[in-house]
Amino acid sequence: MFTVDLKNLQDSGWYWCAVEIGGYWTPDDGDSVQLTVSSDPAVWVENSTVIGQEGGGVSVQGYYSSGYKNEEKKWCRVKTWSCYPFQDLGVNISDDKNNRSFRVEMIGLQKSDAGWYWFSAGDVGVTVHLTVTNTSEGEINVDDEGEQQNETMLAFFITAGLLLLLTAVGLVTWRLHQRGKLATSRGSDNCSDDVLYSNMVTRAEPEKQPKEVAPTDHENRVIYSAVK
């Protein structure tokens, strides 16, 4: 089976879908398809691809134009071209004519239910593809996704922590460096301001005199000091 997707539709009419079987003299196997392009689609669905887990269920929501309100609605499988009744053991089809909408629910899915389906209203319809996954596969996928998210968050916090640590170390190093420069500058300034320059002039000690010394001799023993 192959699928043809037509985009930017403009031309209505008959188309030929075929498979080449043999050479030039061998007729191809094909069939004709009538395509009608209108501003108001006859039938359309919200999602043309649905995925369900084995043992679970899926639902298909669709709509149809007012001209097909009273037409017969069918849900068929393309593989066997067999259609399900409205009330079946595993399929429930509801038709809301007031809102021109339909809903198909399939429960108790099995792997064999996967494939293409066809919803029709009268002589028009739309295809829907169903994928059925194992229950274990679905759980593993969910767990893997959660684990991947956790690893991403952990990597983000580790990177942010390292950046903050490097920033803090850089600030501390810079502050210590600035304090060292300031202390050196202050030490050199204080040293120049606190130095005392002294010029001392002494005179030779006179010979021993009696206990009664004249005032002039006392003055001769004075030490003169000039302090700057």
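Every number in this text was worked out from the coordinates using simple rules, so none of it is lab data. This structure is a prediction, so every number in the text was calculated from the model and none was measured. As a convention, Cβ positions derive from the backbone with ideal geometry for all residues, glycine included, and neighbour counts pool all protein chains shown.
Against the 2.2 N^0.38 Å scaling, with N counting residues, where does segment 42-133 land? I'd like the Cα-based Rg ratio to two decimal places. Let's see the in-between values first.
Numbers: Rg = 12.5 Å, N = 92, 2.2 N^0.38 = 12.3 Å.
Dividing the Cα radius of gyration by 2.2 N^0.38 Å gives 1.02.
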Work through the residues other than residue 82 whose Cβ is under 14 Å from its Cβ and net out their charges, Lys, Arg +1 and Asp, Glu -1.
-> +1
At q = 0.14, 0.19 Å⁻¹, the log10 of I(q)/I(0) for segment 1-67 from a Debye sum over equal Cα scatterers comes to -0.72, -0.97
Which whole-Hz ³J(HN,Hα) couplings does segment 38-47 yield from phi under the Karplus relation 6.51 cos²θ - 1.76 cosθ + 1.60, θ = phi - 60°, glycine and proline marked x?
-> 9, 5, 10, x, 5, 9, 8, 10, 5, 9
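What does the extension gain come out to for residue 166 and residue 110, with contour length at 0.36 nm per residue minus their alpha carbon separation?
Details: separation 56, 0.36 × 56 = 20.16 nm, distance 5.65 nm.
Result: 14.5 nm gained on full extension.
If the chain between residue 8 and residue 176 were fully stretched, how many nm would it gain, using 0.36 nm times the residue separation less the Cα-Cα distance?
The span from residue 8 to residue 176 would gain 53.5 nm if fully extended.
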³J(HN,Hα), Karplus 6.51/-1.76/1.60, whole Hz, each residue of segment 12-25, x for Gly, Pro = 8, x, 9, 10, 10, 10, 9, 10, 6, 8, x, x, 5, 8
How much length is gained on full extension from residue 134 to residue 15, taking 0.36 nm per residue of separation minus their Cα-Cα distance?
-> 39.0 nm
